Amino acid sequence: MNSSLINAAATVLIVCLVGWLLYLGRSLLLPFVIALIVWYMIDTLARSIESIKISHRGLPRWLTLLLALTAIGITLNMIVDLMAGNLTALASDAPAYQARLEEILASLTEKLGLEHEINIREMLPDNILTQLATGMASALTTIAGSATLVFIYVIFLLFEQSTFDKKLRALFSTPERADVAFAMRQEIAGRVRHYVGIKTAVSILTGVLTGVCLTVAGLPYAPLFGFIAFMLNYIPTIGSMIGVLFPAALALVFYDTLGPFFIITIFLGLIQFAIGNLLEPRLMGTSLNISPLIIMLSLAFWGAIWGVTGMVLCVPLTVIIMIICAQFPGTRAIAILLSEDGNLGDPLAADNHQA
């Protein structure tokens, strides 16, 4: 049998096995992954605070970490309280909105002259709106319930981050190989930081503009939908569409006429289009070099394994995999397939990969 065919089969088998293990261990891995994200946010914010000079001297490292931890903790607590309050109110109002939707469908049946009435109960489960709102509130409660474990992970990461470089260097038999690993880590950190920074900025802009638009229109739960638009903007392609769908659906049943529904849908669609198709590509540039098809496949893969968290992380995870695969001759072909144009540049310290 051809050796290349054997290698390809082995690669597919390994990917399937890793995916299966990640799926089975998601209840254990997800809190740690979330802790890594929070730790990264704290460390980045701490470094930003550290750069502020007071009397030509920067603040000590322990103080910047404490300030960053406090700021992010307060922000996350405010977000959870905001989401929980709005979702609880939405769940209580959902039966009235569902009744209004049934009225709209009955009116539509009459106008179209259909023999059989369009019944939402035949298309969707009973009390679907209440179940959706309650389900989202329950998911939020579950996340908040695991906050203690995430917090413990974050504390340990903060305590041990000073030893990360020493441990990483000790993993390799020669200084040259350690230098390659550090260069690879620096490349990953640079690209991920670039992506996360720009994505966060445009997501905040999307959330703020969505909230302002809905507030001006007088639609309830505008802060909730603004935050949902902010979070969904991290999910490539489909996130922006879902971010428009939720408030548009509420506008359909909240107003007595269809005019506000069309206005809100068009305005939110324009916001998502302008930011996602004009502003973000200009800011992002070609630094990621990931094929759009690969992004969609990665979205489906990580979404199937880790749910919404996997969808949010699919692009950074793909960037990390591509950079690592590009450094070794045996896996460089995988990196080429993941890339947009096949141009990966020279491997980092390629002469050190001879062994």
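Details
- A Cβ distance below 7 Å, combined with a sequence gap of six or more or placement on separate chains, defines the contacts here; from the stretch 181-200, residues that are in contact (Cβ under 8 Å) with a residue 60 or more places away in the chain reach residues that are open to solvent by 30 Å² or more (accessible area, probe 1.4 Å) and of a type in the set (Gly, Ala, Ser) in the pairs 183/349; 191/287; 194/287.
- Residue within the stretch 279-292 that is assigned to a helix (DSSP H, G or I), surrounded by 14 or more Cβ atoms within 10 Å (Cβ to Cβ) and hydroxyl-bearing (Ser, Thr, Tyr) present: no
- Residue match in the stretch 204-219 (condition: small (Gly, Ala, Ser), open to solvent by less than 40 Å² (accessible area, probe 1.4 Å), part of a helix (DSSP H, G or I) and under 21 Å from residue 315 (Cβ atoms)): yes
- Within the set 30, 76, the sole residue that is open to solvent by 50 Å² or more (accessible area, probe 1.4 Å) and not small (Gly, Ala, Ser) turns out to be 76.
- Per the conditions (1) open to solvent by 70 Å² or more (accessible area, probe 1.4 Å); (2) acidic (Asp, Glu); (3) in contact (Cβ under 8 Å) with a residue 12 or more places away in the chain, the sole criterion not satisfied by residue 160 is (3).
- The set of residues from the stretch 297-316 being within 14 Å of residue 22 (Cα to Cα) and more than 13 Å from the chain's Cα centre (by Cα) comprises 301, 304, 305.
- Filter pass, residue 193 being over 22 Å from residue 231 (Cβ atoms) and open to solvent by 80 Å² or more (accessible area, probe 1.4 Å): no
- Filter result for residue 69 (closer than 30 Å to residue 252 by Cα, touching a residue at least 40 places away in the same chain (Cβ under 8 Å), part of a helix (DSSP H, G or I) and more than 20 Å from the chain's Cα centre (by Cα)): no
- Residue check for residue 172: of a type in the set (A, V, I, L, M, F, W, C) and in a helix (DSSP H, G or I): no
The values are calculated or read from the model by the stated rules, or taken from the named source; none is laboratory data. Just so we're clear, the structure is a prediction, and the values are computed from it rather than from any experiment. We place every Cβ from the backbone using ideal geometry, glycine too, and count neighbours over all the protein chains shown. Areas reflect the complete protein model, heavy atoms only, side chains present, ligands, DNA and RNA absent. Shrake-Rupley method; radii C 1.70, N 1.55, O 1.52, S 1.80 Å.
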